[in-house]
1. From the phi angles alone, apply the Karplus equation (6.51, -1.76, 1.60; θ = phi - 60°) to segment 168-182 and give each ³J(HN,Hα) in whole Hz, x where the residue is Gly or Pro.
2. Out of S293, S379, Y264, whose Cα points farthest toward the positive end of the dipole of segment 250-392 (charges: +1 Lys, Arg; -1 Asp, Glu; placed on Cβ)?
3. Apply the Karplus curve 6.51 cos²θ - 1.76 cosθ + 1.60, θ = phi - 60°, to the phi angles in segment 386-392 and return the couplings in whole Hz, x for Gly and Pro.
4. Enumerate the lysines that K115 could reach by cross-link, defined here as Cα to Cα under 27 Å, with residues fewer than 8 away along the same chain left out.
5. Which lysines, on any chain, are close to K151 with Cα under 24 Å apart, when same-chain ones fewer than 8 places away are left out?
6. What size of dipole, in debye to the nearest 20, comes out for the chain about its Cα centre when the only charges are +1 on Lys and Arg C-beta atoms and -1 on Asp and Glu C-beta atoms?
7. Which net charge results for the neighbourhood of V287, defined as the other residues with beta-carbon distances under 11 angstrom from its beta-carbon, given Lys and Arg at +1 and Asp and Glu at -1?
8. What does the extension gain come out to for T44 and L15, with contour length at 0.36 nm per residue minus their alpha carbon separation?
Amino acid sequence: MATSSGRAILSPPDLQPAAKDDGIDVFWHEGMLKHNTGRGVFDTGMEPDFLDVLENHPENSDRVKNMVSILKRGPIALFVSWHQGRAALISELLSFHTQEYIDELVEADKKGQGKIICPGTFLNPGSWDAALLAAGTTLSAMKHILDGHGKITYALVRPPGHHAQPTQADGYCFLNNAGLAVQLALDSGLNKVAVIDIDVHYGNGTAEGFYRSNRVLTISLHMNHGSWGPSHPQNGTVDELGEDEGFGYNLNIPLPNGSGDRGYAHAMTKLVVPAVEEFRPELMVLVVGQDSSAFDPNGRQCLTMEGYRKIGQIVREMADKHSNGCLLIVQEGGYHVTYSAYCLHATLEGVLNFPAPLLPDPIAYYPEDDAFTAVVVESIKKYHKQFVPFLK
């Protein structure tokens, strides 16, 4: 099969999703590629004169170009429907962010000179327009579900968003795409939304936005990295459970470095599934970051395609059971330009419940030992039983 560009789509194996009418509605806008994060030493922007070769900032457009192309020309392409994204209105941003913070970003963009908003996070010419497109595209993906036009949508967006807090940017993120979409669901009449974040870093911005709400269950599986400064004051530890009515509805699952496929599956089964079972959400949101992979320059969690595929299957099963199959997937990190695209493909294969992989793993086997992870998961489970009211 050929595309309009004349480039061939890989012929998929003779496989179908578990439900034959299954598919994924992907929301995307190429204007998000105009966010230029620059070059230097990793994400610092530094250009020392003693290096001949500088690298792209890890959050660059190439990583997302590969995600787009693998969904258009990879085996899963036959099960993907494409939708044009849009820019968010300033008024829409105020459902999650403060007016003062948005005004700061608008003013910084007007100067047109580029600005370091916080370490590693650069607002250059074109960045604000891309951020508005990322937010609006995610809102469109959510509205597609809310309006009954589809059940599984994927917001393929950048810059990422899950570190952006109501009042400040953080970790390459300006606007909290997932948080805005969740708030839209609540404002549209839903009472309970569950957010599962598997990016390698703590989804601190999303957690902060709903920290005092019992209508949103935020669950973050991340490496145990702690705070990295004023822009990221949260530690992501198990005792950050929420406040006031939201106490117990923010569940952090900091996992040991190198937890791997089996470790993540164990954490999902023992911690995430029981919490969602008790919470009974009307809609599920999966926040995906392929920086949890075995070969990502920004993470050390050692997930392979098989691990992502399994996570996709588990989340789909929960969505089918609790939210009539309704699932919004929002893109976050993932900085290995090639392997991130493969791991995304595997995640969506899992969400569609294919009986066997559509793509082989190009990097293949990575040794792992999940024994330590199992001990940590059991410790977190005991902590939840002791301190989280709705899990006692």
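1. 7, 7, 5, x, 6, 10, 10, 10, 7, 4, 5, x, 4, 5, 4
2. Working it through, the farthest residue towards the positive pole turns out to be S379.
3. The phi angles translate into 7, 10, 9, x, 6, 10, 6 Hz.
4. Partners found: K34, K65.
5. Straight-line reach from K151, under 24 Å: K20, K72, K143, K192, K310, K321.
6. Dipole about the Cα centre, nearest 20: 780 debye.
7. Summing Lys and Arg as +1 and Asp and Glu as -1 gives -3.
8. The T44-L15 span can extend by a further 6.0 nm.
Read the figures in this text as sums done on the coordinates, not as results from a lab. Everything numeric here is computed off the predicted structure, so don't read it as measured data. Backbone-built Cβ (ideal geometry, glycine too); neighbour counts: all protein chains shown.
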